[in-house]
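The next block holds one structure in the form of structure tokens; read it before the comments.
The values are calculated or read from the model by the stated rules, or taken from the named source; none is laboratory data. Fair warning: this is a prediction, and the values are worked out from it, not measured in the lab. Reconstructed Cβ throughout: ideal geometry from the backbone, glycine too, with neighbour counts over all protein chains shown.
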């Protein structure tokens, strides 16, 4: 039984998280980028090289969590222009149901994923602990980049075009198809279910190549990996990190053709494809003169890319001392605010007990 003050499943509420992060001690002048909304990686100045550090858990998925953990952590390192080098693993396993095969399989996934990306596993922690109903894996990825090549979410500039690779929500589609396949079958054919499950690798949840190609093809000012809260959360986080406003055309956002079929399995709840965990799509803020060449370079490597909007100066807010940071969308020729997700759509399913039942 939850108390009336209990927080919902998912990320901490935005305003609470912001308040907590603002209290973090940050005295070391070598820390170039510390904690903040939309700032997924820390950056530490080591002189000729910058160290980029990221930590992320796998909580929604139980299948292939070792592989997942490497991909999502490497994604955030890639969005800074850095190369992922080293990985640490914290693996918490449930009491009573953990056997040697589970441990072996999970760590083999980690090792295989790291080998494919030329990443070295350098340590971590493993334990069997009480009151867990599934494994929880937390990864910490460390990368490096030359100072002049660093890219952060703070870099988005008014006039930039907003590009989105692949489609949304790749990760949510794969998670639901893998974790709840029996529930999917009345709504998807066996072939469609397999295709949705394979979204992990086709089109895939990694954006490492997406980021590398974009950087090599033009001036990329900022990048963000839409994870929990999906594209909508990523847009709001990018706006806040860069202190700009964003305006998108929702009709330009490519949405998975399978998503609506997956959606039907959870009726009467309607899952917003813009607010569901969306690893696999890369959001990039790029110089307007280079948007076409970046899209073309990605398309040449068989990575779809869409121009979904632009970065704007924030509008003055007479009621506040600072300009209004906002994400707008054009719908039927009207300009409306894009809702900021309170939680990811998969987390919302847990909240209303649809998945648990």
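Can you list the strands (runs of 3 or more DSSP E) lying wholly within region 273-357 that have 2 or more residues being modelled with pLDDT of 90 or more and under 21 Å from residue 76 (Cα atoms)?
It comes to 283-286, 305-312.
Just checking, which of 171, 127, 191 is out of contact with any helix residue (DSSP H, G or I) (no Cβ under 8 Å at 6 or more places or on another chain) and part of a helix (DSSP H, G or I)?
Only one candidate qualifies: 191.
Suppose we filter 98, 90, 80 for residues that are assigned by TED's automatic domain parsing to the domain that holds residue 124, surrounded by 22 or more Cβ atoms within 10 Å (Cβ to Cβ) and touching a strand residue (DSSP E or B) at 6+ places or on another chain (Cβ under 7 Å); which single one remains? Reasoning before the result, please.
Values: 98 fails: surrounded by 22 or more Cβ atoms within 10 Å (Cβ to Cβ); 90 fails: surrounded by 22 or more Cβ atoms within 10 Å (Cβ to Cβ).
Result of the check over 98, 90, 80: 80.
Table: residues versus (1) at pLDDT 95 or above; (2) closer than 18 Å to residue 225 by Cβ; (3) surrounded by 18 or more Cβ atoms within 10 Å (Cβ to Cβ).
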residue	(1), (2), (3)
119	yes, yes, yes
123	yes, no, no
134	no, no, no
138	yes, yes, yes
142	yes, yes, yes
148	yes, no, no
162	yes, yes, yes
167	yes, yes, yes
177	no, no, yes
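One residue is enough: does region 253-270 have a residue meeting the conditions under 20 Å from the mean Cα position of the chain (by Cα) and over 17 Å from residue 174 (Cβ atoms)?
yes
From the list 56, 63, which one is part of a loop (DSSP other than H, G, I, E, B) and in contact (Cβ under 8 Å) with a residue 12 or more places away in the chain?
Going through 56, 63 in turn, the sole match is 63.
Just to be sure, is residue 28 part of a loop (DSSP other than H, G, I, E, B) and not assigned by TED's automatic domain parsing to the domain that holds residue 220? Spell out the reasoning first.
Numbers: part of a loop (DSSP other than H, G, I, E, B): yes; not assigned by TED's automatic domain parsing to the domain that holds residue 220: yes.
Yes: the conditions hold for residue 28.
Given the criteria in contact with a strand residue (DSSP E or B) (Cβ under 9 Å, 6 or more places away or on another chain), buried (at least 19 other Cβ atoms within 10 Å of the Cβ) and either assigned to a loop (DSSP other than H, G, I, E, B) or touching a residue at least 12 places away in the same chain (Cβ under 8 Å) (or both), does residue 211 qualify?
Yes.
With respect to residue 106, determine if the residue is touching a residue at least 12 places away in the same chain (Cβ under 8 Å), assigned to a loop (DSSP other than H, G, I, E, B) and more than 24 Å from residue 147 (Cβ to Cβ).
Values: touching a residue at least 12 places away in the same chain (Cβ under 8 Å): yes; assigned to a loop (DSSP other than H, G, I, E, B): no; more than 24 Å from residue 147 (Cβ to Cβ): yes.
So residue 106 fails the test.
Of the residues in region 228-247, how many are more than 13 Å from residue 153 (Cα to Cα) and in a loop (DSSP other than H, G, I, E, B)?
So the answer is 2.
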